[in-house]
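The values are calculated or read from the model by the stated rules, or taken from the named source; none is laboratory data. Keep in mind that this is a model prediction, so the values were computed, not measured. Ideal geometry is used to build each Cβ from the backbone, glycine not excepted, and the neighbour counts take in all protein chains shown.
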Amino acid sequence: MLISVAMLLSSAPRACAESGDDDPSAPVPPSVNKGHLGTYRVEQPNGNAYWVYVPSTYSDDHPAGIHLFFHGQNGQNWAQDFDLWTGPFLSTYNLIGINMQYMDGDNGRDTPGKTAAARRAVAQVIADYKILVGRGTISSFSGGGLPHALWASAAFKNRGTDWPFCQSTLYSSNYRMNAMGGCPMSWFVSVGTDEWALATLGVDGFHRVGELYQDVERGGCPDVQFMILKGKGHAVDPREVAASAEEFGRADLAFAPFVYDADYPEQELRGIVHACDALDLGRASSAIAALKKRTTLPAAVASKLQALSQLVDDRLQHLSAMATQLAAQDPPLATYYLPLYRQEARGTPIEKLIRQAITSCSHEAHYQASMDAYGAFIELFPNLLGGDGASPVPVPAKVSDLGEIVKHLSPRSQTGMMAANILALAP
């Protein structure tokens, strides 16, 4: 349900106008909104603004990640609405939501300025809350893909500098820049059949996925999903959000930080924190065990040590659960993610469980057939859709090949669902 701007502002802190500094990389001090919970709006220069939603899961003892969203053309009146993201993303993964609001409604006007405004918004939230920088998702709808792509392209050229995200999501998005060469992260791309020809949304999404598959063939992250929703018009569908959120959970465990370093400045804890930052949970666990044996630790340090120990234990349990799930239902993703999860858990009892999951997956009767089918799908993809561009129609000559691929992919796997989805579009 939408909440009126007046209602939100009545309970929000004072909306602070930002400095107007055109350098979004300049240091950002905390604002009057520091630590504020709930939903509020922040005005920026040049007719830009953004809304912030802090979920109830956030606290000083539970630092968050970030969910950034760019609205479409003339979508500024909906920027205060976080309903789509709250359940699947913000509350489930403890992410602070940032919805950009461009008051002229035109992402194509001064796109560099709008991109800089988004960077400043993220920087301000990082200054105002305890944020695990690098644990985040960036998403866009329709014309919002223009500033989304501009930020990503610049960050990729700078080898990931100024890129606090581990996932990128394009909901019917005019993301019109090459998606290749990015940081290790997952990608979710979706479009509806009834909007396919609108502003080249379908072609844009199809081309981006083709580029991402070229990265996969060079060793990039294969967690790339292309969802075509039959009958969907120009709107964000909850099914897209749910699928993107599920994908985020995998990338979060592979690429994102989970310890807020500034909470643990004590010298005794630095080695543990550094190991956690490196996603070396075996080294962190060993250092925790050794420090727990000391009888002279100050009470405050002992308390923080216990907190770190719980963070590491929780992370290991999540790694084990995800590894088990992927091994059972998605050999291609398991082949990529499980070695990363195993390396992260190296030297802990969970490493053995993940190693067993890897062995179980690779020895499964249909493993090689599934991997071959996955490779065939990637090779087929650039030439898979044809027609006049008005709708996503599989090329007739490729339908038989696609049908054979579907037979060898688990119906619960990401690629299996994608292939079956596209095959169902054949006339």
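Applying the selection to region 182-195, what residues are crowded, with 21+ Cβ neighbours inside 10 Å, more than 20 Å from L338 (Cβ to Cβ) and either outside the structural domain of S140 (by TED's automatic domain parsing) or at pLDDT 95 or above (or both)? Across region 182-195, the qualifying residues are F188, V189, S190, V191, G192. The residue pairs whose first member lies in region 164-178 and is outside the structural domain of A121 (by TED's automatic domain parsing) and acidic (D, E), whose second member is assigned to a strand (DSSP E or B) and modelled with pLDDT of 95 or more, and whose beta carbons are closer than 9 Å, counting only pairs six or more residues apart or on different chains, do not exist in this structure.
Among A397, A390, A420, which is the only one that is of a type in the set (A, V, I, L, M, F, W, C), surrounded by fewer than 18 Cβ atoms within 10 Å (Cβ to Cβ) and part of a loop (DSSP other than H, G, I, E, B)? From the options A397, A390, A420, the qualifying one is A390. The set of residues from region 156-176 being assigned to a loop (DSSP other than H, G, I, E, B) and of a type in the set (A, V, I, L, M, F, W, C) comprises W163, F165, C166. Selection of first residues in region 227-252 that are among the β-branched types (V, I, T) and of second residues that are surrounded by 23 or more Cβ atoms within 10 Å (Cβ to Cβ) and assigned to a loop (DSSP other than H, G, I, E, B), restricted to Cβ pairs under 6 Å at least 6 apart or on distinct chains, gives the following pairs, ordered by first then second residue: I228/P392.
The C-beta contact set for region 205-224 (first residue aromatic (F, W, Y), second residue part of a helix (DSSP H, G or I), distance under 7 angstrom, 6+ apart or interchain) comprises Y213/I378; Y213/F381. When region 180-208 is filtered for residues that are out of contact with any strand residue (DSSP E or B) (no Cβ under 7 Å at 6 or more places or on another chain) and outside any helix (DSSP H, G or I), the ones remaining, listed by number, are M180, G181, G182, C183, P184, W196, A197. Residues in region 196-214 that are modelled with pLDDT of 95 or more and acidic (D, E): E211 alone. Applying a threshold of 6 Å to beta carbon distances and a minimum spacing of six or more residues, or different chains, the list of pairs starting in region 337-356 at a residue that is at negative phi and surrounded by 19 or more Cβ atoms within 10 Å (Cβ to Cβ) and ending at one that is outside any loop (DSSP other than H, G, I, E, B) and aromatic (F, W, Y) reads I354/Y341.
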